[in-house]
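Contents: one structure, followed by commentary.
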Amino acid sequence: MITVGEILQLAIETDMHGLAHRVFWAISECIVSAEENSEILDNLDYDGEAIARMIAQNVLNIGKVKLFVVETTKPEEFAFYYSENVLETHALHQELFRESAKRLTNAPNLLGRVFEWDEQYNAEVLYFHRKQVVAFPYYLGHARAGERFLYKMVEGGF
């Protein structure tokens, strides 16, 4: 059995704004409890206006930390960062590698992808890796175009 609380946790971790706020609304209104079977969520009458207000206010702070990809000065090489905004990402990249980004992009589409890390030889979906990080901005590593293997760089090379 999957509980309502587990659905809420997964929806928050994977930036599913609508689902997370619907479930949170149902729990906060005492319509369901976090320990109940999640199938109960299919049969509720939701207050669309109240949930829309919660989403607009982002009551659950979903999506605050984003994935940014920096195109480096080396061809086909990209640096990956978790950060709240572009300015923090740019500043950390300059501090670590003494170069300005050619291009800096918010990449939410990559959060659901599996990447490997060279230090641990394991793979993980970036959504779930993000929850292990305690301070932001955070440098994940570099990857070559089209690859899903992140290398930690030191200034000047791999």
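The numbers here are math on the coordinates, done by the rules we state, and not lab data. Here the structure is a predicted model, which is why all the values come from computation and not from measurement. Methodologically, a virtual Cβ is constructed for each residue, glycine included, from the backbone with ideal geometry; neighbour enumeration extends over all protein chains shown.
In whole Å, how far is the Cα centre of the stretch 60-83 from that of the stretch 1-59?
Using only Cα atoms, the two centres lie 29 Å from each other.
Calculate the spin-label point distance for Lys64 paired with Ser33, positioning each point 7 Å from the Cα along the beta-carbon direction, and give it in nanometres.
It works out to 2.9 nm between the two label points.
For the chain, take the longest principal axis of its alpha carbons; what is the angle in degrees between that and the long axis of helix 17-28, to the nearest 10 within 0 to 90?
Once rounded, the angle reads 40 degrees.
Below 8 Å between Cα atoms, with a sequence gap of 6+, how large is the relative contact order for the stretch 1-60 in percent? Before the final figure, lay out the partial values.
Values: 53 pairs, mean separation 25.6, N = 60.
Relative contact order comes out at 43 percent.
For a protection proxy built on the mean count of beta-carbon atoms within 10 angstrom, sort 35-46, 8-19, 142-153 highest first, please.
Working: 35-46: 12.0, 8-19: 17.2, 142-153: 14.7.
Per-residue Cβ counts within 10 Å, averaged per peptide and sorted highest first, yield 8-19, 142-153, 35-46.
So for the stretch 41-158, taking the charge dipole from beta-carbon charges (+1 Lys/Arg, -1 Asp/Glu), which of Leu60, Ala50, Trp117 sits furthest toward the positive end?
Trp117
Add +1 for every Lys or Arg and -1 for every Asp or Glu among the other residues with Cβ under 11 Å from the Cβ of Lys74, and state the total.
On the way: positive: Lys102, Arg144; negative: Glu71, Glu76, Glu77, Glu99.
So the environment of Lys74 carries a net charge of -2.
Along the charge dipole of the chain, Cβ charges K/R +1 and D/E -1, which of Thr72, Tyr139, Pro108 sits furthest on the positive end?
Farthest along the dipole direction, towards plus: Thr72.
Test of understanding: what is the full-extension gain from Ala107 to Lys152, defined as 0.36 nm times their sequence separation minus their Cα-Cα distance? Before the final figure, lay out each step's value.
Working: separation 45, 0.36 × 45 = 16.20 nm, distance 1.91 nm.
Contour length minus the Cα-Cα distance gives 14.3 nm.
Against the longest principal axis of the chain, how steep is helix 86-97, in degrees 0 to 90 to the nearest 10, with axes from Cα atoms?
Between the helix axis and the principal axis of the chain, the angle is about 30 degrees.
Using only the Cα atoms of the chain, what semi-axes does the equivalent ellipsoid have when each is the square root of 5 times a gyration tensor eigenvalue? Give whole Å, largest first. Intermediate values should be presented prior to the final figure.
On the way: eigenvalues 272, 56, 25 Å².
Largest first, the chain gives 37, 17, 11 Å.
Binned at 5 Å from 0, what are the whole-percent values of the Cα-Cα distance distribution for the stretch 76-144, short to long?
The percentages, shortest bin first, are 3, 15, 27, 28, 18, 8, 0.
If the stretch 57-112 were replaced by its equivalent ellipsoid, with semi-axes equal to the square roots of 5 times the Cα gyration tensor eigenvalues, what would those be, largest first, whole Å?
23, 13, 7
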